[in-house]
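Novice: Structure provided below as structure tokens; questions to follow.
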Amino acid sequence: MSGLIDIKVPDIGDFKDVPVIEVFVKPGDKVKAEDPLVALESDKATMEVPSPRDGVVKSVVVKVGDKVSEGAVIVQFEGAGEHAETRPVVSAPPSPTSAPAGVAEVRVPDIGDFKDVPVIEIFVKPGDSVKAEDPLIALESDKATMEVPAPLSGTVREIKVKTGDKVSEGAIILVLATGGGGAASAPVAAARAPVAAAPAAAPAVQAGVVDEKAFALAYAGPAVRKLARELGVDLGKVKGSGNHGRIQREDVEAFARGGGAAAAKPQAAAASGGGVGGIDLLPWPKIDFAKFGPVERKELGRIKKISAANLHRNWVVIPHVTTHDEADITELEQFRVKMNKELEKSGVKLSLLPFMVKAAVAALKKFPEFNASLDGDTLVYKNYWHIGFAADTPNGLMVPVIRDADKKSIPDIANEMNALAKLAREGKIKPDQMQGGTFSISSLGGIGGIYFTPIINAPEVAIMGVCKGYWKQHSPDGKTWTSRLTLPLSLSWDHRVIDGAAAARFNVYFANVLADLRRVLF
């Protein structure tokens, strides 16, 4: 042995003094390249630091709770004559290729124990020129999001995968024409990208029109890129406020709020004459609340921060109008109670929400503009019916999606809702379980209230809000009165797409379906 080999914290972006939350190895352990050594967690991302090489752990320099930054030594390996400066931690060993000279097949690198990982984004297209380390695709498992960068410069000749495909280590993702003769021997397994752990859950937000090439070339780390996708922000349009123009989390959040790159400091924006619609905005009040009495400060959770940015963007960008109505659910409630008794042995428990999902599908089919999205000046009509429902969780509001609700029975929808809501509460729901919605329902039925204004979940164009049913006196002929169970409805709609008459008709039809579910047969 001729000394020790220091394994250091790699480039983790702008994060500094990041706590060590887990140590995976101990002295004497034999590790292989890409085995995790420690896990770090900032307030913005969780990162596993993998081993850059095979080796035997001589000593562990850090412990849980220590704070580290780029370049800090975390583990020492037994030396064997090799220089202490190892190759970058984020690299991976090359894979063989059968590609001819001048052409390289780029494969999925070592991604640990992950298999059949979905492709969630493709950053390039045939004909694009890429440089080494430019991101090519993004993969997302239930535990992590990974960007696969280009292993060498070249021109994209052919893309072998598409969004939604599932890949594992060694799978070919695309073919690069390098223009040189050495491509066949070049490493073509892309380097492993720094891993930012997927959040426990994220609000269901779909990206708008994004310049993928500019997004790919933007100067931002993987955690920031993931946030940008969640918020539908085109990184190519965001100005970074970090060192050398690096895009930081607050830049993305500010852009999503409609304030541009520097809006993380609203006082500066206001002082420079920033505003909305030509009206200058006053700076946010800066008040020392403690001088008025005792206070307690508590940082907003990550999910609530993301939700806040989404809600603010949707409220500012979409011209909301809310139309209120009522549904007579007297017979529906009697039917629901009866069915719950019949289904008791099966374990199925029906709330009103699955019935509302079915009513929504029927209404969306009758009024297809409510099942559409704006793409610039084009209205995209969707021939599928994926219904989102707002779930209240300890981490904040989340919107799981019931896919193909038109093809599922009410008990099936009820079971799926219960399973998704449980995953959301436990922080285990996957991002793809909250994507693709065409219409949402926000129910306060278990709490109370009468009417409210739900905020549209972009890029959807409408959302139905419902409150707790209450008994109300009705007189169909003005002479006789009966008590009917009444459900308050609050439909918010995008006035760029929908007009008031259509919204009123939608509400009326939705209410009529709830009053008599036999209407879904027509």
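Novice: Here are Thr97, Thr163: which of them is assigned to a loop (DSSP other than H, G, I, E, B), modelled with pLDDT under 90 and over 26 Å from the mean Cα position of the chain (by Cα)?
Specialist: Thr97
Novice: Which residues, counting only those in region 468-499, are outside any strand (DSSP E or B) and either farther than 14 Å from Met356 by Cβ or modelled with pLDDT of 95 or more (or both)?
Specialist: Across region 468-499, the qualifying residues are Ser475, Pro476, Asp477, Gly478, Lys479, Thr480, Trp481, His495, Arg496, Val497, Ile498, Asp499.
Novice: All but one of (1) under 30 Å from Ala501 (Cα atoms); (2) assigned by TED's automatic domain parsing to the domain that holds Val466; (3) modelled with pLDDT under 95 hold for Asn340; which doesn't?
Specialist: Evaluating Asn340 over (1) under 30 Å from Ala501 (Cα atoms); (2) assigned by TED's automatic domain parsing to the domain that holds Val466; (3) modelled with pLDDT under 95 leaves (1) as the failure.
Novice: Can you tell me which residues in region 416-456 are within 25 Å of Ile318 (Cβ to Cβ) and part of a helix (DSSP H, G or I)?
Specialist: Across region 416-456, the qualifying residues are Ala424, Pro431, Asp432, Gln433, Met434.
Novice: I would also like to ask the following. Looking for something of a type in the set (S, T, N, Q), buried (at least 22 other Cβ atoms within 10 Å of the Cβ) and more than 26 Å from the chain's Cα centre (by Cα) - is there at least one such residue anywhere in region 467-485?
Specialist: So in region 467-485, the residues of a type in the set (S, T, N, Q) come out as 473, 475, 480, 482-483.
Applying the additional criterion that residues be buried (at least 22 other Cβ atoms within 10 Å of the Cβ) yields none.
The answer is no; no qualifying residue exists.
Novice: Looking at Val124 and the list (1) modelled with pLDDT of 85 or more; (2) not in a loop (DSSP other than H, G, I, E, B), which single condition is not satisfied?
Specialist: Only one criterion in (1) modelled with pLDDT of 85 or more; (2) not in a loop (DSSP other than H, G, I, E, B) is unmet by Val124, namely (2).
Novice: Kindly list the number of the only condition in (1) out of contact with any Ser or Thr (no Cβ under 8 Å at 6 or more places or on another chain); (2) without any contact (Cβ under 8 Å) to a residue 24 or more places away in the chain that fails for Ser442.
Specialist: (2)
Novice: Shifting gears a bit: Determine whether region 334-352 contains at least one residue that is in contact (Cβ under 8 Å) with a residue 60 or more places away in the chain, in contact with an Asp or Glu (Cβ under 9 Å, 6 or more places away or on another chain) and not aliphatic (A, V, I, L, M).
Specialist: For region 334-352, residues in contact (Cβ under 8 Å) with a residue 60 or more places away in the chain, in contact with an Asp or Glu (Cβ under 9 Å, 6 or more places away or on another chain) and not aliphatic (A, V, I, L, M): absent.
Novice: Looking at region 14-43, which of the residues that are β-branched (Val, Ile, Thr) and within 30 Å of the chain's Cα centre (by Cα) is surrounded by the fewest Cβ atoms within 10 Å (Cβ to Cβ)?
Specialist: Kept after step one, since they are β-branched (Val, Ile, Thr), are these residues of region 14-43: 18, 20-21, 23, 25, 31, 38.
Next cut, within 30 Å of the chain's Cα centre (by Cα) only: 18, 20-21, 23, 38.
Values: Val18: 23, Val20: 20, Ile21: 14, Val23: 17, Val38: 25.
Among them, the one singled out is Ile21.
Novice: Give the number of residues within region 15-32 that are in a loop (DSSP other than H, G, I, E, B) and farther than 10 Å from Ser69 by Cβ.
Specialist: Of the residues in region 15-32, 7 are in a loop (DSSP other than H, G, I, E, B) and farther than 10 Å from Ser69 by Cβ.
Novice: To continue, here is another question. Are any of the residues in region 422-439 at pLDDT 95 or above and closer than 24 Å to Arg336 by Cβ?
Specialist: Looking through region 422-439, at least one residue is at pLDDT 95 or above and closer than 24 Å to Arg336 by Cβ.
Novice: If the Cβ limit is 8 Å and pairs must be 6+ apart or interchain, which residue in region 1-12 that is more than 20 Å from Lys32 (Cβ to Cβ) pairs with which residue that is assigned to a strand (DSSP E or B) and at pLDDT 75 or above?
Specialist: From residues that are more than 20 Å from Lys32 (Cβ to Cβ), the pairs are Ile12/Val18; Ile12/Leu40.
Novice: Continuing with the same structure: Among the residues of region 343-380, how many are within 22 Å of Gly469 (Cα to Cα), modelled with pLDDT under 95 and basic (Lys, Arg)?
Specialist: 1
Novice: Can you find a residue in region 387-402 that is assigned to a helix (DSSP H, G or I) and either within 22 Å of Ala327 (Cα to Cα) or modelled with pLDDT of 90 or more (or both)?
Specialist: no
Novice: On to the next question. Of everything in region 379-390 that's touching a residue at least 12 places away in the same chain (Cβ under 8 Å), farther than 27 Å from Lys428 by Cβ and not basic (Lys, Arg), which residue is surrounded by the most Cβ atoms within 10 Å (Cβ to Cβ)?
Specialist: Across region 379-390, the extreme among qualifying residues is Leu379.
Yes/no per residue for (1) assigned by TED's automatic domain parsing to the domain that holds Tyr470; (2) farther than 28 Å from Ile306 by Cβ; (3) surrounded by fewer than 21 Cβ atoms within 10 Å (Cβ to Cβ):
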{"site": "Gly347", "(1), (2), (3)": "yes, yes, yes"}
{"site": "Phe355", "(1), (2), (3)": "yes, yes, no"}
{"site": "Val361", "(1), (2), (3)": "yes, yes, no"}
{"site": "Leu364", "(1), (2), (3)": "yes, no, no"}
{"site": "Asp377", "(1), (2), (3)": "yes, yes, yes"}
{"site": "Asp392", "(1), (2), (3)": "yes, no, yes"}
{"site": "Gly396", "(1), (2), (3)": "yes, no, yes"}
{"site": "Val399", "(1), (2), (3)": "yes, no, no"}
{"site": "Ile402", "(1), (2), (3)": "yes, no, no"}
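The values are calculated or read from the model by the stated rules, or taken from the named source; none is laboratory data. All of these numbers come straight from a predicted model, not from anything done at the bench. All Cβ positions, glycine included, derive from the backbone under ideal geometry; neighbour counts span all protein chains shown.
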